[in-house]
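Take a look at the structure below.
The values are calculated or read from the model by the stated rules, or taken from the named source; none is laboratory data. As the structure is a prediction and not an experimental result, all values here were calculated from the model. A quick note on method: Cβ atoms are made from the backbone with ideal geometry, for glycine too, and the neighbour counts reach across all protein chains shown. For the accessible areas, the whole protein counts, side chains as well, though only heavy atoms, and no ligand, DNA or RNA atoms are used. Shrake-Rupley method; radii C 1.70, N 1.55, O 1.52, S 1.80 Å.
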Amino acid sequence: MNGINKLGTRGTARSGLVAALDVGSSKVCCFIARVDATGASRIVGIGHQVSRGLRGGAVVDLEATVAAITAAVEAAERMANETVKRVLVNFSCGDPASHTVGVEVAVSGHEISDADLRRVLAQGRPRAESGEREVAHAVPVGFRVDGANGVRDPRGMFGSRLGVDIHVVTASTGALRNLRICLERAHLDAEETLISSYASGLSILDEDEMNLGVTVIDMGGGSTTIAVFYDHDLHFADVVTLGGQHVTNDIARGLATPVAHAERMKTLYGTAIASPADESAMIDVPQVGETELAEPNHVPRSLLSSIIQPRAEEILEFVRERLELSGYARTAGRRVVLTGGASQLTGMRELAAKVLDKQVRIGRPVHIQGLAEATGGPAFATCAGLLCHAAQGRSALPEAAETAPRQGLARVGQWLRENF
Ligand SMILES: Nc1ncnc2c1ncn2[C@@H]1O[C@H](COP(=O)(O)OP(=O)(O)OP(=O)(O)O)[C@@H](O)[C@H]1O
Ligand SMILES: [Mg+2]
């Protein structure tokens, strides 16, 4: 289906083989896709693996994370019958902070070229950088030619001044370094790092939502990432380091049951909003330390929702607070798209609508072809979205690639050092 990736297409799409790696707190997943010159992409390799080395989106166990990355990438490579070295990677670690940086250069009336674009991007300077924080995500979000806003691709236009706004997300150097070490040990180069909720938005939002204003809330295992999109671009991102694993742990603690059972009970019987029918429905709860033959406890389903609801509310209240503090709550409009594995909890959509007082839908990746049913759900929105970023030509990097050979992380690092 040609044109499926036309949404938000700007600049030059990366064509050829593109690999995406979602390093999540619950699972690591790798998608390999073929992108054609029109930006249409087809997934040719998929691999995913349970992740045990991250907490709240940050690497806490190098060895476990490297093992999960290696297994996920190798599985995707086997399926694609290709090997990959460079990957687009998400991040939600290191207390991300988002800013928009605006710069302008003179172009003296000639036709604007790739070289002018590189020059204006090189002028970007984030205003809030310190020794402990660095730029991890830098995506141009709109160009101006002679003060006229809303230019999506200025190449080929004429003018005397070229401006660009770059949306920049900084994060703590230590957390980013740990993520990079894992990639290095897995023999991979990070072609670009992108905040998780931005990637998710690219794969799940429709054209109108992205244009008119929408908030994406990606509820993962260890973190909930937020993104505000309007005018086709990301303008604000934030992270709350709470997710579905906190709900599971609350159940395990509250019902004195092993974590694996708590997880199963959550997905099978859990609800984020209690209903009167939950009083009479009884569920079995195996006890910690008991053998499988021991009689499980019988508890009303309402007990389970009474544990889940306060935690789910807490997460959503933090999200609401962050949005209010950001100043973007109004611009984001009334539309929210929930995604990520934890958005699948029964009643989560209704609870989010109540807490945030917005219209809420659940989003799953739609702008990518070839996702099997098992990997087409909300948990895979981030990984699919990393591919959309490349396919839609949103990167600040491709222009430079025409003249310089790609050297992965080193190249991005160098680009960021030169430009910021
Ligand atoms: N059907 C379901 N109902 C409720 N929760 C679910 C369901 N399926 C998955 N989850 C929860 O989703 C969470 C994992 O989501 P996801 O795969 O998006 O996380 P992740 O991307 O690995 O983590 P993060 O983004 O926080 O680093 C787990 O806490 C899991 O319990
Ligand atoms: Mg995630």
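Which condition number does GLU321 fail, the rest of (1) at negative phi; (2) in contact (Cβ under 8 Å) with a residue 12 or more places away in the chain; (3) of a type outside the set (Ser, Thr, Tyr) being met?
Result: GLU321 fails condition (2) only.
Determine which member of the set LEU416, LEU397, LEU387 is away from ligand 1 (no atom under 12 Å from the Cβ), modelled with pLDDT under 85 and under 20 Å from the mean Cα position of the chain (by Cα).
On inspection, the qualifying residue turns out to be LEU397.
Do you know which of the residues in region 364-374 that are closer than 14 Å to SER200 by Cα and within 13 Å of ligand 1 (Cβ to nearest atom) is surrounded by the fewest Cβ atoms within 10 Å (Cβ to Cβ)?
Only one residue tops the list, namely ARG364.
What about ILE251, is it modelled with pLDDT under 95, over 25 Å from the mean Cα position of the chain (by Cα) and of a type in the set (A, V, I, L, M)?
Here the answer is no, as ILE251 does not meet what is asked.
Mind telling me which of the residues ALA353, ALA342, ALA332, ALA277 ends up being assigned to a helix (DSSP H, G or I) and either in contact (Cβ under 8 Å) with a residue 40 or more places away in the chain or within 16 Å of ligand 2 (Cβ to nearest atom) (or both)?
After ruling out the rest, the residue left standing is ALA342.
So that you can scan it fast, the table gives a plain yes or no per residue for (1) open to solvent by 50 Å² or more (accessible area, probe 1.4 Å); (2) of a type in the set (Val, Ile, Thr); (3) without any contact (Cβ under 8 Å) to a residue 12 or more places away in the chain; (4) on the phi > 0 side of the Ramachandran plot:
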residue: ASP153; (1), (2), (3), (4): yes, no, no, no
residue: GLY163; (1), (2), (3), (4): no, no, no, no
residue: THR170; (1), (2), (3), (4): no, yes, no, no
residue: LEU183; (1), (2), (3), (4): no, no, no, no
residue: LEU194; (1), (2), (3), (4): no, no, no, no
residue: MET219; (1), (2), (3), (4): no, no, no, no
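Condition first: open to solvent by 50 Å² or more (accessible area, probe 1.4 Å), of a type in the set (A, V, I, L, M) and over 28 Å from the mean Cα position of the chain (by Cα). Now tell me which residues in region 267-315 satisfy that.
ALA274, ALA277, MET282, VAL288, LEU293, LEU303 - these are the residues of region 267-315 that are open to solvent by 50 Å² or more (accessible area, probe 1.4 Å), of a type in the set (A, V, I, L, M) and over 28 Å from the mean Cα position of the chain (by Cα).
Might you check whether a residue that is farther than 29 Å from VAL247 by Cβ and either more than 16 Å from ligand 2 (Cβ to nearest atom) or open to solvent by less than 10 Å² (accessible area, probe 1.4 Å) (or both) occurs anywhere in region 50-66?
So far as region 50-66 goes, no, none of its residues is farther than 29 Å from VAL247 by Cβ and either more than 16 Å from ligand 2 (Cβ to nearest atom) or open to solvent by less than 10 Å² (accessible area, probe 1.4 Å) (or both).
Report every pair of residues separated by at least 6 positions or lying on different chains whose Cβ atoms are under 8 Å apart, first residue within region 6-24 and on the phi < 0 side of the Ramachandran plot, second away from ligand 2 (no atom under 16 Å from the Cβ) and at pLDDT below 65.
Partner pairs satisfying both residue conditions: THR12/PRO398; THR12/GLU399; ALA13/ASN5; ARG14/PRO398.
With a cut-off of at least 2 residues that are over 20 Å from SER395 (Cβ atoms) and modelled with pLDDT of 95 or more, name the strands (runs of 3 or more DSSP E) lying wholly within region 1-104.
Hits in region 1-104: 27-35, 41-50.
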